[in-house]
Amino acid sequence: MWKNTAETEPDAERVLELNGTIAEESWFDDDITPAMFKDELFSGSGPITIWINSPGGDCIAASQIYSMLMDYKGDVTVKIDGIAASAASVIAMAGTKVLMAPTALMMIHNPATVAFGDHEDMQKAIEMLNEVKESIINAYEIKTSLSRAKLSRLMDEETWMNAKKALELGFTDGLLEDAKRAPAAVEAYAYSGKAVANALFNKLAEKAKPKKAEPEPAKPEGRSVDDLKARLADIKKFM
């Protein structure tokens, strides 16, 4: 729901909070749907601020919301206070200005789906996912000006970024700052979700390997027992 500064000022900046999963339809009234968003967006005019805290959801629904914001005539400020992951990161790219809290995160990854059938059905699903990925890259490319190859690699790796890293890569335009305090030094970091999962899997696999049998200790070099017995018998003859 819009949080207007004053109902008597139709052109005053409106503020909308997007908290929750993005979906085509809402079953429990806790999802963000394109239909609901459209009603809210075009209920007024003037500059708007969108606060985002969402794990993502349906990429087609996110594309619809992204398109609405791109088509909106007023300025759109996007503020990420928690997380803008997956499909939510696509919506964030529609902001005229995108700001992130120093504690916020953004995550981008490849689209996913569920499919069943024979090999032709699987191939069609793969082709569909490839096309969806290219459409998502379009939004990232417009905002960041990064190469499509670079963006594709970041998506392949399931990249998690803090605010500073998102700023370095062009996904955001700045950090949310407190005017009462000096801006804190935030170190940029990003990590690959897939790399972390693979590293953990490799460690578990290494622990599960059967231990190799230790080699038998080498026998000391020298005379055999029989040789020593014979030598002892010769010594006894002279005792």
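Every read-out reported here was derived from the displayed coordinates using simple, explicitly stated rules and does not represent laboratory data. Given the structure is predicted, the values throughout are model-derived calculations rather than measurements. Please note: Cβ atoms are built from the backbone with ideal geometry, for glycine as well, and neighbour counts cover all protein chains shown.
The HN-Hα couplings worked out from phi for region 47-61 by the Karplus form 6.51 cos²θ - 1.76 cosθ + 1.60 (θ = phi - 60°) are x, 9, 10, 10, 8, 10, 9, 8, x, x, x, 6, 6, 6, 4 Hz, whole numbers, x standing for Gly and Pro.
Let me know the whole percent of all Cα-Cα pairs from region 14-208 that are separated by more than 30 Å. More than 30 Å apart: 25 percent of the Cα pairs in region 14-208. Taking θ as phi - 60° and the Karplus parameters 6.51, -1.76 and 1.60, the scalar couplings of region 74-87 work out to x, 5, 10, 9, 9, 10, 9, 9, x, 9, 10, 10, 6, 5 Hz in sequence order, x denoting glycine and proline. Going from the fewest other Cβ atoms within 10 Å to the most, the residues I50, I80 appear in the order I50, I80.
As a proxy for reagent exposure, ranking M107, M122 by other Cβ atoms within 10 Å from fewest up yields M122, M107. Ranked by how many other Cβ atoms sit within 10 Å of their own Cβ, fewest first, the residues S147, S135, S63 fall in the order S147, S135, S63.
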